[in-house]
Amino acid sequence: MSDPLGGGDGGAYVRTVKLADGGSIAKIYRMGPDHYRAEGFFEGESFGSIEASPTKPYAAGNLNGMITALSSKGEVASWIAKVRPTGPHRETLADGKTVVQVTELGDERYRAVLVGKDGRTLATMEVDGERRFMSAIKVGSLWAVLETDGSGTSHVAR
């Protein structure tokens, strides 16, 4: 277990962020250059952490529909995901102009391609049920997350 005050291998405490459910918080720690960890707490109890680093610049977690995303620059976003399609599908994301096309690559393996209104590919995410359960990306102020059931969610950070 990491040291909640950020000593030892727990990194240097940066700040605390209130999460979308109104009752949870995330404590943000700087682990090194372009490497951050967010540890979630509800009523003083940790419910998990996510890390973003130079090799994995975006990370996300899902706690009963509350999505928390983190970048390797220490940016944090949190939102409550709405009911969303699973499996292969196409939908417009939270910014109203970016479209995601989700395709199935195999059992619990999906790829999501984000396309701008001009038809240009903005980003690609992939998940599989063995190594990567969630994939996250940030394009401008738009955060997007893909999960192993093919569902996706997005949020515009304000």
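Each value in this text was obtained by applying a stated rule to the coordinates, not by laboratory testing. Because the structure is predicted, anything quoted here is derived from the model rather than measured. Glycine also receives a Cβ, built like all others from the backbone with ideal geometry; neighbour counts cover every protein chain displayed.
Can you classify region 51-128 as rounded, prolate or oblate using the Cα gyration tensor, where a ≥ b ≥ c are the square roots of its eigenvalues, rounded means a/c under 1.5, and otherwise it's prolate if a/b beats b/c and oblate if not?
On the way: a/c = 1.35, a/b = 1.26, b/c = 1.07.
It is rounded, given that a/c, with a ≥ b ≥ c, falls under 1.5.
Binning every alpha carbon pair distance of the chain at 10 Å from zero, what are the percents per bin?
P(r) for the chain, in whole percents per bin: 11, 39, 35, 13, 2.
Taking 0.36 nm per residue of sequence separation and subtracting the Cα-Cα distance, how much length would be gained by fully extending the chain between A12 and K56, in nm to one decimal? Provide the component values of the computation, followed by the final result.
Values: separation 44, 0.36 × 44 = 15.84 nm, distance 1.94 nm.
That pair, A12 and K56, stretches by 13.9 nm at full extension.
What trypsin sites (Lys or Arg not before Pro) does region 71-119 have in DSSP loop regions with at most 13 other beta carbons within 10 Å? Walk me through the numbers before you get to the answer.
Working: sites: K73, K82, R90, K97, R109, R111, K117; in loops: K73, K82, K97, K117.
Here the sparse-neighbourhood loop sites are K73, K82, K97, K117.
Please give the charge dipole size of region 8-80, origin at the Cα centre, charges +1 on K and R Cβ atoms and -1 on D and E Cβ atoms. Round to the nearest 20 debye.
For region 8-80, the charge dipole is close to 220 debye.
Quote the charge dipole size of region 23-158 about the Cα centre in Debye, to the nearest 20; the model charges only the Cβ of Lys and Arg (+1) and of Asp and Glu (-1).
It comes to approximately 540 debye.
Once the Cβ-Cβ distance between R131 and Q101 is put in as r, and R0 is 25 Å, what FRET efficiency do you end up with, to the nearest 0.05? Display every interim value, and only then the final one.
Details: r = 22 Å, r/R0 = 0.89.
About 0.65, to the nearest 0.05.
In region 38-74, which GluC sites (Glu not before Pro) fall in coil by DSSP and have 16 or fewer other Cβ atoms within 10 Å?
Here the sparse-neighbourhood loop sites are E43.
Please report, in debye to the nearest 20, how large the charge dipole of region 94-158 is about its Cα centre when each Lys and Arg carries +1 at its beta carbon and each Asp and Glu carries -1 there.
Values: 9 positive and 10 negative charges, 95 e Å.
Here the size comes out at about 460 debye.
Relative contact order for region 8-80 using alpha-carbon pairs under 8 Å, separation at least 6, rounded to a whole percent?
Numbers: 168 pairs, mean separation 18.0, N = 73.
Dividing the mean separation by the residue count of region 8-80 yields 25 percent.
Output the relative contact order of region 22-124, whole-number percent, from Cα pairs under 8 angstrom with separation of 6+ residues.
Details: 192 pairs, mean separation 14.2, N = 103.
Taking the mean separation of contacting Cα pairs over the length of region 22-124, I get 14 percent.
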